[in-house]
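Asker: The structure follows.
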Amino acid sequence: MAQNQSLSTQEVADILHVSKSTIYDLIRKGEIHSYKIGRKVRFTQDDVDAYIARSRHEHSTAPVQRIDTHSTLLTPKETDVPDLIISGQDVVLDILANYLQQEGVNAGRTYLSSFEGLLALYQEKIQAAACHLFDGKECNASFVRSLMPGVPAVLVNLSYRTQGFYVYKGNPRKIKDWEDLRRADISILNRRVGSSSRILLDTQLKALGIPAPQVRGYDRIMSSHLTMAAAIAEGDADLAIGTERVSRQIEDLDFIPLLEERFDLVLRKDSMENPAIIKLLEILSSPVFHREVASFSGNDYRDLGKIIMEV
């Protein structure tokens, strides 16, 4: 096979003997390179070979330390403690951690949900928690107050993102809005407890007076927005909640926008003089960093690096 030949997601899945959903999860984690032609994700043979090589030697180079969490942050070995650990699941945070490494800050990454990240920040096990939680009226602030009681915090904006429904291409079920969750002919996919999508869904169900057990598929849990979107595109269910940007990576998928959420990085106010935090804020405000993240379509970076509020 020619090295520059374009490979589809299914072809790469067949080569690696995994599901398409696993490939989308590898893309989300930045573990396999890909490119897009329109809305179609494509790979080169070099991309696949590089992934296989990294998998065989994954411990040989590790510029950014990943902290294993399993819902609660594990204490790393004393000699491996980073200067700063950033929690959250957006690729922009991975880029930020790499920029910090280049500036001499030993940065670590953990992939907790917004809810779990705020708890870890409250416990001082991490130094920065990405948060996108909507309580029906406002984004993030009420959750910071509740999950970090008595701890003054600063919310620094990362982006604004559109949340909505993933539906199969052409929207054959004619799904429009939250009221469609009442329909007996609609099945959904869900995220685990503590994830922003799960909290958003539960908030809307409560506001509409819809019992969760009444919703078909409420207990079908997926690991990420990307795997959920891939499953909807494969016809495994009719609807799932996620961000618009992820929908642009998947073939055979449409997106129904419902609300704009604010995606913030939460810092403890007493850490603002920490040299690593100062460097983080400098990077977030730098034109070079802005130019790099602007290439990720589907998000609005109009307030990137700005302090939105103190709570």
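Asker: Only one of LEU226, LEU158, LEU189 is under 19 Å from the mean Cα position of the chain (by Cα), crowded, with 22+ Cβ neighbours inside 10 Å and within 30 Å of SER271 (Cα to Cα); which?
Answerer: Just one listed residue meets the conditions, LEU158.
Asker: From the list VAL144, VAL156, exactly one residue is modelled with pLDDT of 95 or more and assigned to a helix (DSSP H, G or I). Which is it?
Answerer: Exactly one of VAL144, VAL156 is modelled with pLDDT of 95 or more and assigned to a helix (DSSP H, G or I), namely VAL144.
Asker: Of the residues that make up the stretch 21-32, is at least one modelled with pLDDT under 75 and small (Gly, Ala, Ser)?
Answerer: Scanning the stretch 21-32 turns up no residue that is modelled with pLDDT under 75 and small (Gly, Ala, Ser).
Asker: Moving to a separate point now. As an exercise: evaluate LEU205 against (1) touching a strand residue (DSSP E or B) at 6+ places or on another chain (Cβ under 8 Å); (2) closer than 20 Å to GLU179 by Cα; (3) free of Cβ contacts under 8 Å to residues at least 60 places away in the same chain and give the number of the one condition it does not meet.
Answerer: The failed condition is (1).
Asker: Find all pairs meeting these conditions: Cβ atoms under 6 angstrom apart; at least six residues apart or on different chains; first residue within the stretch 76-91 and closer than 19 Å to ILE278 by Cα; second residue basic (Lys, Arg) and at pLDDT 80 or above.
Answerer: The qualifying pairs are ILE86/ARG109.
Asker: Condition check: among the charged types (D, E, K, R) and either within 19 Å of VAL154 (Cβ to Cβ) or crowded, with 18+ Cβ neighbours inside 10 Å (or both). Does GLU310 satisfy that? Please lay out each step first, then the result.
Answerer: On the way: among the charged types (D, E, K, R): yes; either within 19 Å of VAL154 (Cβ to Cβ) or crowded, with 18+ Cβ neighbours inside 10 Å (or both): yes.
It is true that GLU310 is among the charged types (D, E, K, R) and either within 19 Å of VAL154 (Cβ to Cβ) or crowded, with 18+ Cβ neighbours inside 10 Å (or both).
Asker: Go through the stretch 90-140 residue by residue and tally those that are open to solvent by 10 Å² or more (accessible area, probe 1.4 Å), in contact with a strand residue (DSSP E or B) (Cβ under 9 Å, 6 or more places away or on another chain) and either of a type in the set (Lys, Arg) or farther than 21 Å from THR203 by Cα (or both).
Answerer: So the count comes out to 11.
Asker: If you take the residues of the stretch 162-174 that are open to solvent by 20 Å² or more (accessible area, probe 1.4 Å) and in a strand (DSSP E or B), which of them is nearest to LEU119 (Cα to Cα)?
Answerer: So in the stretch 162-174, the residues open to solvent by 20 Å² or more (accessible area, probe 1.4 Å) come out as 162, 168-174.
If we keep only those that are in a strand (DSSP E or B) too, we end up with 162, 168.
Details: THR162: 25, TYR168: 35 Å.
Ranking the candidates gives THR162 first.
Asker: Okay, moving on. Exactly one condition in (1) open to solvent by 60 Å² or more (accessible area, probe 1.4 Å); (2) under 20 Å from the mean Cα position of the chain (by Cα) is not met by LYS206; state its number.
Answerer: For LYS206, the exception is condition (2).
Asker: Checking ASP177 against (1) touching an Asp or Glu at 6+ places or on another chain (Cβ under 8 Å); (2) open to solvent by 10 Å² or more (accessible area, probe 1.4 Å), only one condition comes out false. Which one?
Answerer: It is condition (1) that ASP177 fails.
Asker: For the stretch 236-254, give me each residue that is more than 17 Å from the chain's Cα centre (by Cα) and either at negative phi or at pLDDT 90 or above (or both).
Answerer: Listed by number, the residues that qualify are ASP236, ALA237, ASP238, LEU239, GLU251, LEU253, ASP254.
Asker: Counting just the residues of the stretch 255-299 that are touching a strand residue (DSSP E or B) at 6+ places or on another chain (Cβ under 6 Å) and open to solvent by 60 Å² or more (accessible area, probe 1.4 Å), which one comes out farthest from ILE126 (Cα to Cα)?
Answerer: Within the stretch 255-299, the match that is farthest from ILE126 (Cα to Cα) is PRO257.
Asker: Sticking with this one: If I filter the stretch 203-219 for residues that are at pLDDT below 95, under 23 Å from SER113 (Cα atoms) and assigned to a strand (DSSP E or B), do I get at least one hit?
Answerer: no
The values are calculated or read from the model by the stated rules, or taken from the named source; none is laboratory data. What you see is a predicted model, and the numbers here were worked out from it, not measured in a lab. With ideal geometry, Cβ positions are generated from the backbone for all residues, glycine too; neighbour counts draw on all protein chains shown. Ligands, DNA and RNA are stripped out before the accessible areas are found, and what is left, the full protein with its side chains, is counted by its heavy atoms. Shrake-Rupley method; radii C 1.70, N 1.55, O 1.52, S 1.80 Å.
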